[in-house]
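The structure appears below as structure tokens.
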Amino acid sequence: MNIAALRHRPESEDCFLYDQDLLVLRLHTAKGDARRVSLIYGDPYMTVTDAATTTPTWKYSVADMVKVGEGQTDDYWSLRVKMPYHRIQYQFAVEGSDGQHVLLSDRGIRADTAENRLKNNFRVPYFQEVDRVKTPDWAKTTVWYQIFPERFANGDQSNDPQGVKPWNPEDHPGREDFYGGDLQGVLDHLDDLQRLGINGLYFCPIFKASSNHKYDTIDYFDIDPDFGDKDLFERLVNEAHRRGMKVMLDAVFNHIGYQSLQWQDVLKNGDSSRFASWFHINSYPLTPFNDPSNNGGNPQYDTFAFEPHMPKLNTANPDVQDYLLEIATYWIKTFDIDAWRLDVANEVDHHFWRRFYQATQQCKKDFLVIGEVWHSSQPWLNGDQFSGVMNYAFTEQVEEHFLTSQQTAQNMVELLTDQLMMYRQQNAQVMLNTLDSHDTARILTVAGGDEKRALQALAFIFTQTGMPCIYYGTEMGMSGDNDPDCRKPMDWSQLGQPIWQKVHEIVQFRRDYAQLLGTGSTRLSVNSTGLIKVERVGSAHLTAYFNTTNNAVPLSMEPKLAQGYDGENLAPKGFVIEVI
């Protein structure tokens with residue numbers, strides 16, 4: 001047995017409270033290396049007296065752990081336990097496929113003897129409810145819809161910016177183009193989104209800014225006049241809430257816009273500006289900007305990437321922190337928003353995000369915080385910073401199999417299992433699962449225009465743990481390459497057409513089984529015929545198969561939702577989902 005691969009980390013994704021009484025324990029073993037894993041556990045103060053020696057010893061129970069997944073190099077074993085006195089000590093008994101027996105304890109690997117079972121245990125001294133990682137239950141049953149406001153719908157031509165272009169979904173937008181989309185356009189189409197099955201609206205930035213994308217904020221306390229005003233936004237939130245829809249806004253706190261009052265004051269007054277310490281300034285004068293990517297030498301100030309019009313905020317400065325926290329709480333208190341999505345969240349310090357999380361939770365119970373992090377995110381997901389993150393690692397694995405065939409089904413399943421086991425269950429349930437966004441090419445384009453492939457991939461993510469999110473226009477079959485081509489004006493001519501109906505069926509299926517798909521366990525595998533199998537177990541039992549092979553595969557199912565299934569065979573690019 002490869003004992004070096006045995007791994008467990010207390011007070012982490014390997015050992016966590018899911019609810020006040022339920023403790024989830026996980027153990028990693030080398031793939032295919034362990035025949036059996038048992039949990040040796042009990043209350044640390046519960047003893048039994050040996051009749052022969054009259055010596056009290058620790059009283060423990062033994063329970064078999066369940067293999068819940070197979071990753072690239074690891075097998076994952078898990079068990080959920082409840083303890084009557086809200087405390088536990090434990091260790092793991094592992095039987096290798098070679099017949100070797102060992103214990104994994106708080107002091108490392110030991111021989112599995114009666115004496116060793118009584119000492120050196122891992123321990124959770126008390127199930128502290130205040131320390132339990134909590135994520136909003138409502139989010140686990142939400143289907144999000146991402147809106148890029150400038151391109152969604154032009155509901156009020158009176159606020160169109162100068163030089164607005166005609167609304168043409170076939171255009172290939174330039175970076176500086178405006179088409180006149182606004183909040184009135186979103187309000188006008190709320191019924192269409194409700195009919196699609198959406199119950200969460202995720203807005204790209206709506207605050208005053210100079211660009212069409214609004215990630216260069218000028219004033220965080222004002223709606224961009226191209227989009228409307230605060231009264232209109234208040235109506236939009238109220239109408240969304242009346243339809244059972246949550247509202248998530250985009251917070252750009254890593255950097256600020258070039259035209260902001262603060263940065264303009266620094267440009268004017270240099271190091272004597274009262275805002276000079278709000279930024280990471282390396283040298284003066286500040287212009288012209290030295291861009292290292294263009295051999296410009298060392299930059300005079302830190303920015304997002306090397307974008308001179310997005311100077312980076314010094315979020316370690318208490319004045320900056322207080323300013324940003326005032327913004328964060330203002331939109332919750334004044335307009336009752338339900339969530340923040342945090343742009344470039346991994347480039348902001350953890351200290352600030354801890355203050356941010358505490359402030360938002362004090363404003364509104366069950367407030368959702370989603371960070372934009374493109375890599376492994378455990379440091380942000382310990383209950384004091386973010387609820388979840390944009391699950392880009394998940395996105396990439398799905399795309400590289402379903403849409404581009406760059407990796408095998410087996411490899412994708414292993415990587416997705418590793419990704420799922422990387423986080424506590426409650427965090428995994430509120431990861432934002434997307435296939436495309438304002439930052440990426442659209443899924444239909446990534447799929448080479450193959451609609452069946454795109455729909456198959458979409459159906460797959462809607463069966464997974466995490467919150468599925470649709471980028472505006474996916475339901476209309478819109479295409480588009482990387483930014484800015486993925487930001488075409490919405491094609492409203494496709495409303496209610498066959499592609500819309502198919503996406504609606506997928507969304508409605510998720511909504512119909514929201515509790516199961518939002519909170520049930522997940523097991524991924526590839527069967528002997530090459531089909532990807534998804535099992536979700538909770539309030540019901542879901543089994544789904546996805547055929548990414550080149551051949552039809554015989555299959556007998558009672559489908560609740562399907563593509564390419566005739567009752568006997570599942571065609572390539574097809575899927576079938578059964579719930580019992």
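The values are calculated or read from the model by the stated rules, or taken from the named source; none is laboratory data. Given the structure is predicted, the values throughout are model-derived calculations rather than measurements. Virtual Cβ from ideal backbone geometry, glycine too; neighbours counted across all protein chains shown. These area figures cover heavy atoms from the full protein model, side chains too; ligands, DNA and RNA do not enter into them. Shrake-Rupley method; radii C 1.70, N 1.55, O 1.52, S 1.80 Å.
If only one of L236, L187 is closer than 22 Å to F152 by Cα, at pLDDT 95 or above, hydrophobic (A, V, I, L, M, F, W, C) and open to solvent by 20 Å² or more (accessible area, probe 1.4 Å), which one is it?
Step by step, each of L236, L187 is checked, and only L187 is closer than 22 Å to F152 by Cα, at pLDDT 95 or above, hydrophobic (A, V, I, L, M, F, W, C) and open to solvent by 20 Å² or more (accessible area, probe 1.4 Å).
Across region 288-297, what is the total count of residues that are exposed (fewer than 10 other Cβ atoms within 10 Å of the Cβ) and within 19 Å of W263 (Cβ to Cβ)?
Going through region 288-297 one residue at a time, the tally reaches 1.
Go through the residues of region 94-114 one by one and say whether even a single one is hydrophobic (A, V, I, L, M, F, W, C), buried (at least 17 other Cβ atoms within 10 Å of the Cβ) and under 32 Å from the mean Cα position of the chain (by Cα).
No, because not a single residue in region 94-114 is hydrophobic (A, V, I, L, M, F, W, C), buried (at least 17 other Cβ atoms within 10 Å of the Cβ) and under 32 Å from the mean Cα position of the chain (by Cα).
Return the pair list, or none, for Cβ contacts closer than 8 Å from residues in region 254-267 that are open to solvent by less than 50 Å² (accessible area, probe 1.4 Å) to residues that are basic (K, R), at least 6 apart or on different chains.
The qualifying pairs are N254/K312; H255/K312; D265/R274.
Looking only at residues that are under 37 Å from the mean Cα position of the chain (by Cα) and among the aromatic types (F, W, Y) in region 282-302, which one is modelled with the lowest pLDDT?
Filtering first and then ranking leaves F289.
Scan region 31-73 for residues that are among the acidic types (D, E) and in contact with a helix residue (DSSP H, G or I) (Cβ under 7 Å, 6 or more places away or on another chain) and jot them down. Can you show your working first?
Within region 31-73, the first condition is being among the acidic types (D, E), and the residues that meet it are 33, 43, 50, 64, 70.
Within region 31-73, D33, E70 qualify.
Which residues, taken from region 306-318, are within 10 Å of D291 (Cα to Cα) and either out of contact with any Phe, Trp or Tyr (no Cβ under 7 Å at 6 or more places or on another chain) or among the charged types (D, E, K, R) (or both)?
Across region 306-318, the qualifying residues are F306, E307.
Per-residue answers, yes or no, for (1) of a type in the set (S, T, Y); (2) assigned to a loop (DSSP other than H, G, I, E, B); (3) in contact (Cβ under 8 Å) with a residue 40 or more places away in the chain; (4) open to solvent by 10 Å² or more (accessible area, probe 1.4 Å):
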| site | (1), (2), (3), (4) |
| --- | --- |
| P299 | no, yes, no, yes |
| P308 | no, yes, yes, yes |
| Y330 | yes, no, yes, yes |
| K333 | no, no, no, yes |
| W353 | no, no, no, no |
| Y357 | yes, no, no, yes |
| V389 | no, no, yes, no |
| A393 | no, no, no, yes |
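If you take the residues of region 67-82 that are surrounded by fewer than 18 Cβ atoms within 10 Å (Cβ to Cβ) and not charged (D, E, K, R), which of them is farthest from L416 (Cα to Cα)?
V81
Being acidic (D, E), open to solvent by 40 Å² or more (accessible area, probe 1.4 Å), under 29 Å from S525 (Cα atoms) and in a loop (DSSP other than H, G, I, E, B), is that true of even one residue in region 18-41?
yes
Hey, can you tell me all the residues within region 232-258 that are closer than 30 Å to F279 by Cβ and either out of contact with any helix residue (DSSP H, G or I) (no Cβ under 9 Å at 6 or more places or on another chain) or not in a strand (DSSP E or B) (or both)? Write out each step before concluding.
First, pick out the residues of region 232-258 that are closer than 30 Å to F279 by Cβ: 233, 248-258.
Hits for region 232-258 are F233, M248, D250, V252, F253, N254, I256, G257, Y258.
Residues of region 335-351 being more than 28 Å from R235 (Cβ to Cβ) and either part of a strand (DSSP E or B) or of a type in the set (S, T, N, Q) (or both), which ones? So that I can check it myself, show each step before the final result.
Taking region 335-351 and keeping what is more than 28 Å from R235 (Cβ to Cβ), we get 344-351.
Of everything in region 335-351, just one residue is more than 28 Å from R235 (Cβ to Cβ) and either part of a strand (DSSP E or B) or of a type in the set (S, T, N, Q) (or both), namely N346.
Do you know which of the residues in region 314-328 that are under 13 Å from W353 (Cβ atoms) and outside any helix (DSSP H, G or I) is least open to solvent (accessible area, probe 1.4 Å)?
Top of the filtered list is T315.
Taking into account only those residues within region 190-214 that are surrounded by fewer than 22 Cβ atoms within 10 Å (Cβ to Cβ) and of a type in the set (S, T, Y), which is nearest to I147 (Cα to Cα)?
In this case the residue turns out to be S211.
Does L403 fit the bill of being among the aliphatic types (A, V, I, L, M) and touching a Phe, Trp or Tyr at 6+ places or on another chain (Cβ under 8 Å)? Outline the logic, then answer.
Details: among the aliphatic types (A, V, I, L, M): yes; touching a Phe, Trp or Tyr at 6+ places or on another chain (Cβ under 8 Å): no.
Spelling it out, it is not the case that L403 is among the aliphatic types (A, V, I, L, M) and touching a Phe, Trp or Tyr at 6+ places or on another chain (Cβ under 8 Å).
Which of the residues that make up region 49-64 are open to solvent by 70 Å² or more (accessible area, probe 1.4 Å) and either modelled with pLDDT of 95 or more or assigned to a strand (DSSP E or B) (or both)?
Answer for region 49-64, where residues must be open to solvent by 70 Å² or more (accessible area, probe 1.4 Å) and either modelled with pLDDT of 95 or more or assigned to a strand (DSSP E or B) (or both): T49, P56, K59, Y60, V62, D64.
In region 485-516, how many residues are under 17 Å from L455 (Cβ atoms) and of a type in the set (A, V, I, L, M, F, W, C)?
6
Check F227, F221 and return the single one that is in contact (Cβ under 8 Å) with a residue 24 or more places away in the chain, open to solvent by 10 Å² or more (accessible area, probe 1.4 Å) and aromatic (F, W, Y).
F221 is the lone residue from the list that is in contact (Cβ under 8 Å) with a residue 24 or more places away in the chain, open to solvent by 10 Å² or more (accessible area, probe 1.4 Å) and aromatic (F, W, Y).
Which members of region 528-563 meet the condition of being open to solvent by less than 40 Å² (accessible area, probe 1.4 Å) and assigned to a strand (DSSP E or B)?
I532, V534, R536, L542, T543, A544, Y545, F546, V553, L561, Q563 - these are the residues of region 528-563 that are open to solvent by less than 40 Å² (accessible area, probe 1.4 Å) and assigned to a strand (DSSP E or B).
Would you be able to tell me the number of residues in region 259-285 that are in a helix (DSSP H, G or I) and either under 29 Å from P136 (Cα atoms) or of a type outside the set (S, T, N, Q) (or both)? Please lay out each step first, then the result.
If we filter region 259-285 for residues that are in a helix (DSSP H, G or I), which is where we start, we get 261-272, 276-278.
Restricting the remaining residues to those that are either under 29 Å from P136 (Cα atoms) or of a type outside the set (S, T, N, Q) (or both) gives 261, 263, 265-268, 270-271, 276, 278.
Residues meeting the conditions: 10.
So, in region 119-159, exactly how many residues are within 30 Å of P489 (Cβ to Cβ), acidic (D, E) and open to solvent by 40 Å² or more (accessible area, probe 1.4 Å)?
Of the residues in region 119-159, 1 are within 30 Å of P489 (Cβ to Cβ), acidic (D, E) and open to solvent by 40 Å² or more (accessible area, probe 1.4 Å).
If a residue counts only when it is surrounded by fewer than 19 Cβ atoms within 10 Å (Cβ to Cβ) and either basic (K, R) or under 21 Å from the mean Cα position of the chain (by Cα) (or both), which helices (runs of 4 or more DSSP H) contained entirely in region 421-515 have at least 1 such residues? Steps first, answer last, please.
Values: elements: 425-428, 443-446, 451-462, 498-512.
Result: 451-462, 498-512.
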